[in-house]
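Below: the structure, in structure tokens.
The values are calculated or read from the model by the stated rules, or taken from the named source; none is laboratory data. These figures come from a predicted structure and were not determined experimentally. Heads up, the Cβs are rebuilt from the backbone with ideal geometry, glycines too, and the neighbour counts pull from every protein chain shown. Areas reflect the complete protein model, heavy atoms only, side chains present, ligands, DNA and RNA absent. Shrake-Rupley method; radii C 1.70, N 1.55, O 1.52, S 1.80 Å.
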Amino acid sequence: MLTLGIETSCDETAAAVYDAAAGRMLGSVVASQVRIHREYGGVVPELASREHAAVIDGVVEEALSEAGAGLSDVGAYAVTRGPGLVGALLVGLTFAKGLSLGMGGRPFVGVNHIEAHLLAVELEGGPVELPALGLVVSGGHTTLVLMDEPGSYRVLGRTRDDAAGEALDKAAKLLGLGYPGGPVIERLSRGVGEGAAAPRFPRARLKGNKLDFSFSGLKTALLYHVRDNGMGDVPALAAAFQEAVVDMIASTVAAAAEECPAVSLVAGGGVMCNGPLRAALGGVADRAGLRFHVPSPALCADNAAMIAYTGHVLLARRGPDDLSMDADPALGLGE
Ligand code: KG4
Ligand code: ZN
């Protein structure tokens, strides 16, 4: 049976076709809206919804043709229902419901975008050994969970202010580097030598839950540094900022590994494309004796392959959803 996955929660319109019998993705298409939002330095929700609506049928058609399949070969429809931008979510959700209805009521399932980021790695390496620590770091989310058994997520910590990717995007904007910020900050940082003159930015020390994250202090530190000293060596500043973000994520995951009985560490989300972060978390996992699972970069960033696959898993686990299901922009894990 083929599952068609659709993703429109933020600024990527994506569709993918998963073949459960073969255990692989037959087609996966991602149409990025980055060029539209770039001039504003971030995602503009209204423009995102309009662009999703304009391109979604073409993206779905392209994924089906890549898969060598027609609509009649699709047995189930999986779509992101949250969290994300409500107008953007509604485009994908309505489209998937329409297909399900139009095809005589074939099963429809609503997928949590964060859960999909956590399951994406299974597309490449099969099921992860549980209990596992799960980390999602993206432009909209920074969440650390403990997965005890399939489908069970206990939130250990989350960001109290900006998401990790959002912090990188805002830093890049401040440094005049454009949008999205993560990739350009990583690229610039690569050329920076050990002895470069840059400040060591403060790492947040949180009161209360030590497994939460906070990036707003770091962002303010960069702002004040630039205000007081000027831009100076921009690559060195970018590298120092990236190092602080990586350090804060890695040390929080290390602290969680000490507290929790996990055997694996799973990571996902667009910020996991970052080489130094992948290396740092690999080191954390090694020292804690955890097996580290992270997908290749194309499956870390937003895509519909993870939605199709998660939809397939959910259908098997709990059956289809009702077509009355609504978008939930603030959907949490385990809801
Ligand atoms: O998962 P994603 O594609 O969309 C959301 O669900 O938010 O993540 C996008 C975020 C952006 O903030 C972007 O700057 C960041 O991921 N990102 C990176 C890299 N590539 C994308 N951050 C650090 N290093 C990268 N190479
Ligand atoms: Zn995402």
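If you place +1 on the Cβ of every Lys and Arg and -1 on the Cβ of every Asp and Glu, how big does the dipole about the Cα centre of the chain come out, in debye to the nearest 20? Mind showing how you got there, number by number?
Working: 26 positive and 38 negative charges, 166 e Å.
The calculation lands at about 800 debye.
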Taking r as the C-beta separation of residue 130 and residue 317 and R0 as 22 Å, the FRET efficiency to the nearest 0.05 is 0.95
Based on DSSP loop calls and a cut-off of at most 12 other Cβ atoms within 10 Å, the longest stretch of the chain free of exposed trypsin sites (Lys or Arg not before Pro) is what? 1-199
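Carbon-plus-sulfur fraction of the accessible area of the chain, 1.4 Å probe, in percent?
Ligands and nucleic acids excluded, carbon and sulfur give 52 percent.
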Counting only helical runs of four or more DSSP H residues, what would the 222 nm mean residue ellipticity of the chain come to if each run contributes -39,500 (n - 2.57) and the total is spread over all its residues? -14000 deg cm²/dmol
Computed D for the chain, Stokes-Einstein, Kirkwood radius over alpha-carbon pairs, 37 °C, 0.692 mPa s, to the nearest µm² per second, is 161
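Can you tell me the relative contact order of the chain? Whole percent, Cα pairs under 8 Å, sequence separation 6 or more.
Values: 723 pairs, mean separation 82.3, N = 335.
Worked out over the chain, it gives 25 percent.
Can you give me the accessible area per residue for the chain, using a 1.4 Å probe, in Å²?
41
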Residue by residue through region 35-51, which ³J(HN,Hα) values in whole Hz follow from phi under the Karplus form 6.51 cos²θ - 1.76 cosθ + 1.60 (θ = phi - 60°), with glycine and proline marked x? 4, 6, 8, 3, 5, 9, x, x, 7, 9, x, 5, 5, 4, 4, 4, 5
For residue 109, which sequence-distant residues (separation of 5 or more, or a different chain) have an amide H within less than 5 Å of its own amide H, given hydrogens modelled in the peptide plane? 77, 78, 79, 321
Kirkwood-based Rg to Rh ratio, region 213-308, C-alpha trace: 1.05
Modelled FRET efficiency - R0 30 Å, residue 32 with residue 263, Cβ distances, 0.05 increments: 0.25
The answer for residue 212, listing residues at least 5 apart or on another chain whose modeled amide H is closer than 5 Å to its amide H, is 158
Listed residue (22, 236, 276) projecting farthest to the positive dipole end of the chain, Cβ model: 236
Take residue 71 and residue 206, extend 7 Å from each Cα along the Cα→Cβ direction, and tell me the distance between the two endpoints in nm. 4.5
Can you list, largest first and rounded to whole Å, the semi-axes you get for region 126-298 by taking the square root of 5 times each eigenvalue of its Cα gyration tensor? 29, 16, 14
Got a sec to turn the phi values of region 185-200 into Karplus ³J(HN,Hα) couplings, 6.51 cos²θ - 1.76 cosθ + 1.60 with θ = phi - 60°, whole Hz, x for Gly and Pro? 5, 4, 5, 5, 5, 4, x, 8, x, 4, x, 4, 7, 8, x, 9
Spelling out what I want: for every residue of region 70-85, take phi, set θ = phi - 60°, compute 6.51 cos²θ - 1.76 cosθ + 1.60 (Karplus), and round to whole Hz; glycine and proline get x. x, 4, 5, 7, 7, x, 8, 10, 10, 8, 5, 10, x, x, x, 7
